[in-house]
Structures are given as C-alpha cells and as structure tokens.
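Enquirer: Pasting a structure below so you can have a look.
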Amino acid sequence: MKRRNPMSWVILAILTITAAIWIIPYYLVFTYAIKSPFDQASTSLWAPPHSFNASYFIQAWQWGDLFNRTVRASPRSSRSNKSTRSNKSSKSGKSN
C-alpha cells in the first residue's frame, strides 16, 4: 500500500470541500421538496423528512403543463412544421 504525501491530503481535502459545496444545495432542495408542510414548519432545514410527500411535484407538473410539454412533444411535429413552411415558401417563389 502506497503512503500518501501531505500534498495529496491537501488536494483530497479541497476536492471533498468542493464536492460538498456542490452537493449540499441539491440535498437541501430535494429534502425540502419532499417534506410535508408540517415537517417544513416543525423540523430543521437539515433534518431528513419523516415521510415522502409528492404534492409539490404534482402541483409543479400540473401548473407547468409538463405532460403536454414532454410526453406529447415529438420530433415529428417539428419536422412537419418545417416541411409545411418550405412548401409555402416554394409556392411563393422564395427559397430557404
């Protein structure tokens, strides 16, 4: 087993701190999003949720109309719009 020199420990510490700085906000947002309103009011921001609450995800899905924007959006619809535009411009004598 190879011994680490002091510089490798410093680099490891810097990388660990940098990773924590990037990961902690995602943890906080995700845990706050799945907490119930009671858990949000009664527990610390850092505390894990007592139960899973998906109501905020459902509200965001419905409010943003994400079903129509993701599931119903297809590459075919955008291609058919381009071909319709090119047909119209070719009939009028213009080219793309």
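Enquirer: Which residues, counting only those in region 14-56, are of a type in the set (A, V, I, L, M, F, W, C), surrounded by 11 or more Cβ atoms within 10 Å (Cβ to Cβ) and not in a helix (DSSP H, G or I)?
Expert: ALA47
Enquirer: Taking the condition among the β-branched types (Val, Ile, Thr), open to solvent by 100 Å² or more (accessible area, probe 1.4 Å) and not in a loop (DSSP other than H, G, I, E, B), does ILE11 pass? Write out each step before concluding.
Expert: Numbers: among the β-branched types (Val, Ile, Thr): yes; open to solvent by 100 Å² or more (accessible area, probe 1.4 Å): no; not in a loop (DSSP other than H, G, I, E, B): yes.
The answer is no for ILE11.
Enquirer: Right, next: Looking at region 23-68 only, could you name the residues that are among the polar types (S, T, N, Q) and under 15 Å from the mean Cα position of the chain (by Cα)?
Expert: Here is the first cut: in region 23-68, the ones among the polar types (S, T, N, Q) are 31, 36, 40, 42-44, 51, 53, 55, 59, 62, 68.
THR31 - this is the single residue of region 23-68 that is among the polar types (S, T, N, Q) and under 15 Å from the mean Cα position of the chain (by Cα).
Enquirer: Within the set of pairs 6 or more residues apart or between chains, which connect a residue that is among the hydroxyl-bearing types (Ser, Thr, Tyr) inside region 49-72 to a residue that is in a helix (DSSP H, G or I) with Cβ atoms less than 7 Å apart?
Expert: From residues that are among the hydroxyl-bearing types (Ser, Thr, Tyr), the pairs are TYR56/ALA33.
The values are calculated or read from the model by the stated rules, or taken from the named source; none is laboratory data. Worth saying up front: this structure is predicted, and the values here are computed from it rather than measured. Cβ coordinates were reconstructed from backbone atoms using ideal geometry, including for glycine residues, and neighbour counts include every protein chain displayed. Protein only, heavy atoms only, side chains kept; ligands, DNA and RNA dropped before computing areas. Shrake-Rupley method; radii C 1.70, N 1.55, O 1.52, S 1.80 Å.
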